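Notes follow once the structure below has been shown.
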Amino acid sequence: MNAGRGGHGDVRNGARCLFGPSEVPSACARSSVWGMRPGVVALASLLLLLGAVPARAVEPSPLSLADTGGGSQLILAQAPRANSTSGTLSWWERRRGGKWVKVGSALARFGAKGLVEGRARKQGSYTTPTGLYDLPYAFGIKGAPGGTQVKYRRVRGSSWWCEDTRSRVYNRWSEPLARDCRASESERMISYATQYAYGMVIGYNYAEPVKGRGAGIFLHVNGRGATAGCVSVPVGAMRRILRWVDPGRAPHIAIGTASGVTAVTRY
């Protein structure tokens, strides 16, 4: 999605640390602890035990969700809070005997203005919609990684994603751009060489689009910072996910927060 219309568009993060200490054990996290005097560290530890300081979010598993979509492959994207712009993404598969096994994980980025309940989302809000969604197909400017089984659509110069609420092809791939879909309200996909090197369509507002709720919500490669509504991961993780996804196993993605009304476990 284009940043001006609620899509992937990169948002630079002016903060010193792109990710918070509770999300990644970076130098930012180390400096915040190692720079303290022993007494301060002890006090911080006591406050943590008493619940005054939020503990690291517990990683969700398919077993903790209200619904997994009925398939045997599931991607879980979780942010610590609704106003977070980063978090984690893990992918799981159910094996013989019904046991869910984590196959991989990566750091993830979300909308520049956090996450919001999908049914309440508005286009252009720079928020990532929470909920449980299918994954209709994959796409990319580059060719599909070897072993990719899911339907993969190659991005070309004439490939557009229509985000024009007046168009009959709203929230659809349009190639070439439909006559009733304004280019100024849509996204020429080849323009995003880094982000759309590889991606997957997230089935948010897709099966029966509600105009104005948002278009072009994808799982794609990281850009420079937070997105304008999509979920993004490093390129290596995106390639691994594409090789792993099996359309015969009805893969879904659950997006949410660690707790609250948008908790991933509600979906």
Residue count, the stretch 170-182, condition touching an Asp or Glu at 6+ places or on another chain (Cβ under 9 Å) and open to solvent by less than 70 Å² (accessible area, probe 1.4 Å), comes to 5
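Let's see how each residue does on (1) without any contact (Cβ under 8 Å) to a residue 24 or more places away in the chain; (2) part of a helix (DSSP H, G or I); (3) out of contact with any Pro (no Cβ under 7 Å at 6 or more places or on another chain):
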| residue | (1), (2), (3) |
| --- | --- |
| VAL169 | yes, no, yes |
| TRP173 | no, no, yes |
| SER184 | yes, yes, yes |
| ALA193 | no, no, yes |
| TYR196 | no, yes, yes |
| TYR204 | no, no, no |
| ARG213 | no, no, yes |
| GLY223 | no, no, yes |
| GLY256 | no, no, yes |
Scanning the stretch 129-169 residue by residue, the ones that are buried (at least 22 other Cβ atoms within 10 Å of the Cβ), among the β-branched types (Val, Ile, Thr) and farther than 23 Å from GLY70 by Cα total 1
Name the residue that is nearest to GLY146 (Cα to Cα), counting only residues in the stretch 244-267 that are open to solvent by less than 10 Å² (accessible area, probe 1.4 Å) and out of contact with any Phe, Trp or Tyr (no Cβ under 8 Å at 6 or more places or on another chain).
VAL245
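If I ask for residues that are surrounded by fewer than 18 Cβ atoms within 10 Å (Cβ to Cβ) and in a loop (DSSP other than H, G, I, E, B), which ones from the stretch 59-80 would you list?
Within the stretch 59-80, the subset surrounded by fewer than 18 Cβ atoms within 10 Å (Cβ to Cβ) is 59, 61, 63-64, 66-67, 70-71.
The answer is GLU59, SER61, ALA66, ASP67, GLY70, GLY71.
Are any residues in the stretch 174-188 under 16 Å from ILE217 (Cα atoms), in contact with a strand residue (DSSP E or B) (Cβ under 6 Å, 6 or more places away or on another chain) and not basic (Lys, Arg), and if so, which ones? I'd like the intermediate steps shown before the answer.
Looking only at the stretch 174-188, we keep the residues that are under 16 Å from ILE217 (Cα atoms), and these are 174, 185-188.
Now narrow it down to the ones that are in contact with a strand residue (DSSP E or B) (Cβ under 6 Å, 6 or more places away or on another chain): 174, 186-188.
Across the stretch 174-188, the qualifying residues are SER174, SER186, GLU187.
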Count - residues of the stretch 146-184 that are more than 20 Å from GLU208 (Cβ to Cβ) and not β-branched (Val, Ile, Thr)
19
Among (1) open to solvent by less than 20 Å² (accessible area, probe 1.4 Å); (2) more than 21 Å from ALA228 (Cα to Cα); (3) β-branched (Val, Ile, Thr) - the single one VAL101 does not satisfy
(1)
Does SER191 meet the test of being under 16 Å from ALA215 (Cα atoms), of a type in the set (Gly, Ala, Ser) and at pLDDT 95 or above?
no
Can you tell me how many residues in the stretch 86-106 are over 19 Å from GLY69 (Cβ atoms) and under 10 Å from the mean Cα position of the chain (by Cα)?
3
If a residue must be open to solvent by 10 Å² or more (accessible area, probe 1.4 Å) and under 17 Å from the mean Cα position of the chain (by Cα), how many such residues does the stretch 227-243 contain?
5
Considering the stretch 56-110, residues that are among the aromatic types (Phe, Trp, Tyr) and in contact with a Lys or Arg (Cβ under 9 Å, 6 or more places away or on another chain), and then whichever is farthest from VAL245 (Cα to Cα), we arrive at TRP100
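The values are calculated or read from the model by the stated rules, or taken from the named source; none is laboratory data. Just so it is clear, the structure is predicted and the values come from calculations on it, not from any experiment. Using ideal geometry, Cβ is built from the backbone for each residue, glycine included, and neighbour counts are taken over all protein chains shown. Each accessible area value is taken on the protein alone, full model and side chains, heavy atoms only, with ligands, DNA and RNA left out. Shrake-Rupley method; radii C 1.70, N 1.55, O 1.52, S 1.80 Å.
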